[in-house]
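The values are calculated or read from the model by the stated rules, or taken from the named source; none is laboratory data. Note that the coordinates shown come from a computational prediction; the quantities given were computed from them, not determined experimentally. Quick reminder, even Gly has a Cβ in these numbers, built from the backbone with ideal geometry, and neighbours come from all protein chains shown. The protein model used for the area step is the full one, side chains on, heavy atoms only, and it has no ligands, DNA or RNA in it. Shrake-Rupley method; radii C 1.70, N 1.55, O 1.52, S 1.80 Å.
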Amino acid sequence: MRSLGLFVGIATLSLAHAADAADMAVKAPLTPLVTAPSWELFGGVTIAPDSFYGEVGAVFAFNRNLTVDGWLFRLKGGAGSYDYNRAPGLHQDADFQTGEFMIGYQTFVGSTRFSGYVGPNVEHHDNPDPLATVKGTEWGIKGQGEVFMPMSDRWYVFALANVSSAFSSYYVLGKVGANVAPGISVGPELSFLGNDRFDAVRLGPFVAIDMGPGAQLILSAGYSWDTNSDALNDHSGGYFTAHARKVF
């Protein structure tokens, strides 16, 4: 039930996702470009029980080639909202904004891509609840790792994990994809996300669709379990994400 959001002025923090976080990187093979790309732009939204999250961001290769080993710069921001019950009959709404900027490095071992990032991030939760464990502005250090591993011409695995000292936020995502048609892959995804105030597990299918050279749309939906549910709050239910990316 938390979200992690759209870039607000300052850039520094998936979901989690975040009530969603959605730190989404390469999730399926892309249609190859004629020239090597140096930029990746991405954005997406997540709708989950009692929460909404949106994000935009970019990755830049210092050597101007995202297809070879090298240093990277990553910038992302987002915004969202969530709600919960403070007491029986007492409802609370909260808005939040996040941002991050990180330096990273990627390396290729055969066709497998490994990448890692580290840098500062910030979250601001506008929550008037005096008893809220997550409220106000908190800066932190965030680290993120990604692996994209083709298993064959048809199958691939993608994994991503990040953690931040800001409100103890974390997001872990795993996918197994199958290329079922030219430019289309499908498979299951599993994610774990949370912070100082919530924890959730999500499971469902995804589909990744090439929208042209270097462009991709990823849609996923499934069920989200609130692992901290109680008699007052249970934020379990269906979730949906839409994510788009473009390299150039």
Among Ser165, Leu90, Gly183, the residue whose Cα sits farthest towards the positive end of the charge dipole of the chain, when +1 is placed on the Cβ of each Lys and Arg and -1 on the Cβ of each Asp and Glu, is Gly183
Carbon + sulfur, % of accessible area of segment 81-223 - ligands and nucleic acids excluded, 1.4 Å:
67 percent
Segment 62-76 and segment 153-182 have their Cα centres apart by a whole-number Å value of 19 Å
Per residue, what accessible area does the chain have, given a 1.4 Å probe and all protein chains present, in Å²?
41 Å²
So what are the ³J(HN,Hα) numbers for segment 65-76, from phi and the Karplus equation (6.51, -1.76, 1.60; θ = phi - 60°), rounded to whole Hz, Gly and Pro as x?
8, 6, 9, 10, 4, x, 7, 10, 10, 10, 10, 8
Kirkwood Rh (inverse of mean 1/r, distinct Cα pairs), the chain, angstrom:
17.9 Å
Multiplying the sequence separation of Asp126 and Arg154 by 0.36 nm and subtracting their Cα-Cα distance, what value in nm do you get?
5.5 nm
Just going by the charge dipole of the chain, with Lys and Arg at +1 and Asp and Glu at -1 on Cβ, which of His125, Gly78, Thr137 is farthest out on the positive end?
Gly78
